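K.L.:
Have a look at the structure that comes next, please.
The values are calculated or read from the model by the stated rules, or taken from the named source; none is laboratory data. Because the structure is predicted, anything quoted here is derived from the model rather than measured. Glycine also receives a Cβ, built like all others from the backbone with ideal geometry; neighbour counts cover every protein chain displayed. The protein model used for the area step is the full one, side chains on, heavy atoms only, and it has no ligands, DNA or RNA in it. Shrake-Rupley method; radii C 1.70, N 1.55, O 1.52, S 1.80 Å.
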Amino acid sequence: MAAPVIETCHVACCANKTPNVVSWSRGGTIAFGTCNSVALYDPQEKRVVAVLNGHAGRVNAVQWVHREDCALESYLVSGGSDNRLILWEAQNEKFIQSVECKGHTAPICAVDAIYVEGSKILVASSASDSTVRLWLCNENKEAECLHIISFGSGFMMDVSLALLPGSRVPVLACGGDDSRVHLYVQSNGQQFQKAMSLQGHEDWVRGVAWASVGGELLLASCSQDCLIRVWRLCAKSGTDTRTKDDHTIIKMKEDVFEVRDRDVSSVFAVSLETVLAGHENWVYGVHWQHPFYKGGELQQPLSLLSASMDKTMILWAPEEGSGVWVEQVHVGEVGGNTLGFYGCQISPDGSMIVAHAFHGALHLWCKDQDKEGEWRPGVVISGHFSAVQDLSWDPEGEFILSVGSDQTTRLFTPWRQEDGKLATWHEISRPQIHGYDMQCLAMIGRFQFVSGADEKVLRVFQAPRNFVENFANISGTSREKLLTSSDSANLPEGASTPALGLSNKAVFQGDLAPKTTEGKEQFNSISDQYQESYFHPLNMTEPPPEDHLLQNTLWPEVQKLYGHGFEMFCLASDSARTVVASACKASKAEHAAVLLWSTATWRQLQTLPCHTLTVTQMAFSPDAQLLLAVSRDRTWSLWRRNLPTPESPEPQFSLHAHTGKDTAVHTRIIWSCDWSPDSKYFVTSSRDKKVIVWGPCRLEDTEDSVPPPEIKPRSSVLDVGDAATAVAFCPVFCSDNRYTHIHTQSHMKAYFLCTMAKS
């Protein structure tokens with residue numbers, strides 16, 4: 001029998017919180033660092049097409065190696081917190097690790113690369129070790145460190161490489177914390193010598209970028225002084241350098257430097273072209289539009305994009321008549337409580353621009369084809385910017401909810417477009433934006449969930465009417481059917497969070513109308529002057545951009561559950577959606593008890609004491625008759641649902657089986673557990689590298705759910721070679737009556753194991 005094929009359906013991720021981590025290729029692919037990987041994202045198909053794994057630390061800088069003939073890129077360079085520089089090469093439509101450069105002693109923060117001789121690539125990298133290193137990578141996949149530039153106790157925030165006009169001599173620009181732009185040129189093909197320092201900025205220089213225009217170079221530099229400076233570098237002939245000054249012509253001051261290459265001396269001059277003032281906060285990134293061939297000649301569009309901490313991007317260009325640089329486009333967020341942009345990129349054809357924000361979100365704008373000069377937000381990938389801690393499927397399997405250490409709960413669903421394009425997954429709602437790191441969640445019904453964070457309270461959320469309507473539009477589901485199933489008569493329109501609160505407050509239709517009396521606003525109290533509702537109903541036919549996700553897609557909180565003494569750790573709900581089990585962090589038995597809650601009344605039903613340390617995961621059996629809990633104390637416990645009685649109609653559970661110090665097979669913390677689809681076996685995975693299948697938990701010849709007398713390991717202990725942090729049974733059987741694939745995940749590894757025959 002052929003092994004089942006597992007294909008990646010969707011990757012939800014965001015850019016790392018570093019300035020130089022996004023780069024746009026001529027082929028249209030956006031490469032960005034996400035955690036320890038490099039993601040390749042196609043903005044046209046709206047999906048991640050590849051994930052490059054090679055770094056052992058966070059990826060801080062990514063840059064495509066652009067070809068001089070404007071052909072598609074074959075190489076990509078990345079630098080990370082593991083102090084390593086990796087050159088990726090395209091082979092058979094896939095990128096593989098080609099060259100690794102080791103030498104930096106601290107995290108790399110900026111990279112750039114150009115072709116110098118044939119297929120040789122010159123790479124520049126800046127790191128927190130106060131050095132900039134130049135590497136030469138040849139076709140034999142070998143890297144040579146040509147030169148190390150030390151800046152003492154200073155740091156270079158960005159680097160950019162180009163070739164001097166009319167020559168093959170590389171010039172390196174470095175912008176750093178001394179408020180200067182330093183220029184270095186290569187001497188005789190090896191060492192780099194300092195040519196000059198460009199002064200003018202009054203704060204740290206955050207970004208530098210070269211562009212070649214008409215036989216000259218333009219260098220854009222941006223700074224924390226909120227300004228952008230454009231410098232012009234051009235070659236000087238022998239007569240130009242000694243001509244008398246013509247006092248009738250106003251010229252900018254020129255700084256001259258000499259370059260010797262193969263015994264040939266050339267003189268170049270650098271002058272300030274313009275200063276661009278338009279941002280109101282630190283400018284972190286600048287990017288020139290890619291050059292292109294037109295009529296057999298290489299054309300460099302004079303379009304410069306800048307991104308700032310004021311949450312805006314500006315596209316600059318000189319006016320046709322005067323040549324004065326002015327704003328062409330100004331886009332971004334208004335208001336909100338987020339920080340600004342770390343960097344920006346222009347698409348090769350200039351029709352799209354993208355920025356990445358402090359919290360990793362990508363912001364995409366597209367040129368409106370119908371309205372000249374106008375831009376509109378576009379659909380782009382999104383995801384958690386810190387560790388994902390838990391996720392849960394909608395009971396109907398149409399969307400996924402996830403929670404993470406970035407203090408958010410996010411909802412992802414396929415976007416089914418009317419034009420018949422292949423459905424792509426997107427984040428369409430951010431139900432909870434919290435003040436604590438999120439740890440766990442459980443779905444309870446179609447549009448209701450309970451979540452737990454690093455606090456002692458559980459919070460219950462219900463979808464508002466606006467979400468249900470937009471979910472129907474985007475997913476292609478019947479709106480009437482969804483509203484009928486969710487009791488639409490009592491649903492609020494949306495939700496908002498008070499300025500100093502953690503609870504999402506429901507916003508009803510009446511709350512949306514402004515309170516006016518005879519045309520004049522009347523305030524009954526101080527709080528009326530400052531409205532807490534920032535929610536505005538949306539009619540969405542496509543996934544919303546980041547600013548709408550932050551403000552207009554919250555779910556109202558309908559209940560708080562109190563009972564635990566420490567921060568929440570895990571949650572589980574049964575298949576009937578009648579009971580929720582919760583557990584918190586614990587170092588004593590009194591706090592390690594599992595609490596059961598009724599989803600009908602949200603009353604605490606029962607306390608289940610057994611473990612002595614934190615319960616790390618719980619799982620109800622598919623038939624909802626058994627509850628399994630695994631713990632940091634290296635044991636598991638199994639609880640059986642009692643038959644209902646007239647005196648006790650609500651669900652009650654009693655302890656049926658558990659392991660102790662003498663019967664525990666696991667010798668370290670048990671991280672995860674799951675049930676077989678027939679509720680007969682369960683599996684546990686542990687830090688001791690073991691995965692164990694236990695059972696049977698029900699008799700084979702009867703539908704009675706009473707467990708048999710002894711539950712013990714039913715297979716050989718599986719040693720997966722590393723700490724097994726997650727495990728799951730496939731919810732369906734193989735055609736040959738086998739339980740299919742236990743999936744265990746350990747750090748960056750995954751295992752798919754066929755376990756045992758069904759009978």
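K.L.:
Computed FRET efficiency, Cβ-Cβ of residue 72 and residue 187, R0 30 Å: what is it to the nearest 0.05?
P.N.:
0.35
K.L.:
Can you give the angle from 0 to 90° between the axis of helix 465-475 and the longest principal axis of the chain, with both taken from C-alpha atoms, to the nearest 10?
P.N.:
70 degrees
K.L.:
Out of 267, 656, 223, whose Cα points farthest toward the positive end of the dipole of the chain (charges: +1 Lys, Arg; -1 Asp, Glu; placed on Cβ)?
P.N.:
Of the options given, the answer is 656.
K.L.:
From the C-alpha coordinates alone, can you work out the Kirkwood hydrodynamic radius of the chain, in Å?
P.N.:
For the chain, inverting the mean 1/r across all distinct Cα pairs yields 29.3 Å.
K.L.:
Take the alpha-carbon centre of region 259-325, take the same for region 51-126, and report the distance between them in whole Å.
P.N.:
Region 259-325 and region 51-126 have Cα centres spaced 24 Å from each other.
K.L.:
Here's a follow-up. Any chance you could run the full-extension gain for residue 262 through residue 417? It's 0.36 nm times the residue separation minus the Cα-Cα distance, nm to one decimal.
P.N.:
49.8 nm
K.L.:
So if I take the alpha carbon set of region 357-510, get Rg, then get Rh from the Kirkwood formula, what is the Rg over Rh ratio?
P.N.:
My calculation puts Rg/Rh at 0.98.
K.L.:
Sort 294, 585, 661, 253 by heavy-atom solvent-accessible area, probe 1.4 angstrom, most to least.
P.N.:
In descending accessible area the options line up as 661, 253, 294, 585.
K.L.:
Order these peptides, 433-443, 591-601, 315-325, by their mean beta-carbon neighbour count within 10 angstrom, highest first.
P.N.:
Averaged packing, sorted descending, gives the order 433-443, 591-601, 315-325.
K.L.:
Also, I was wondering about something else. Within the chain, what whole-number % of the accessible surface is contributed by carbon and sulfur, with the 1.4 Å probe and all protein chains included in the calculation?
P.N.:
48 percent
K.L.:
Next question, about the same structure. For n ≥ 4 DSSP H runs only, could you compute -39500 (n - 2.57) per run for the chain, divide by its residues and tell me the 222 nm figure to the nearest 500?
P.N.:
-1000 deg cm²/dmol
K.L.:
Okay, moving on. Ordering 376, 229, 430 by accessible area with a probe of 1.4 Å, largest first, what comes out?
P.N.:
376, 229, 430
K.L.:
Suppose each label sits 7 Å from its Cα in the direction of the beta carbon; what would the residue 477-residue 536 distance come out to in nanometres?
P.N.:
Computed distance between label sites residue 477 and residue 536 equals 2.7 nm.
K.L.:
What Kirkwood Rh does region 313-414 have if only Cα atoms enter the pairwise 1/r average? Answer in Å.
P.N.:
16.3 Å is the Kirkwood radius here.
K.L.:
Filter the cross-link list 194/294; 17/194; 102/141 down to pairs whose alpha-carbon distance in this structure exceeds 25 Å.
P.N.:
194/294; 17/194, as the Cα separations exceed 25 Å there.
K.L.:
A further question on this structure: So if R0 is 30 Å, what FRET efficiency would residue 330 and residue 91 give, r being the distance between their Cβ atoms, rounded to the nearest 0.05?
P.N.:
Efficiency for this residue pair is about 0.10.
K.L.:
Quick one: the Cα spread of region 170-233 along its three principal axes, in angstroms, biggest first?
P.N.:
Principal-axis extents of the Cα atoms in region 170-233, largest first: 37, 27, 14 Å.
K.L.:
Oh, and also: Rounded to the nearest 10 Å², what accessible area does residue 115 have for a 1.4 Å probe in the complete protein model?
P.N.:
Near enough 20 Å² of accessible area.
K.L.:
So what's the gap between the Cα centers of region 426-452 and region 555-576, to the nearest angstrom?
P.N.:
If we compute the Cα centre of each part, the gap is 11 Å.
K.L.:
Where the only charges are on Cβ atoms (+1 Lys, Arg; -1 Asp, Glu), what is the dipole of the chain about its Cα centre, to the nearest 20 debye?
P.N.:
1760 debye
K.L.:
Along each principal axis of its Cα atoms, how long is region 1-102 end to end? Whole angstroms, biggest number first, please.
P.N.:
46, 33, 24
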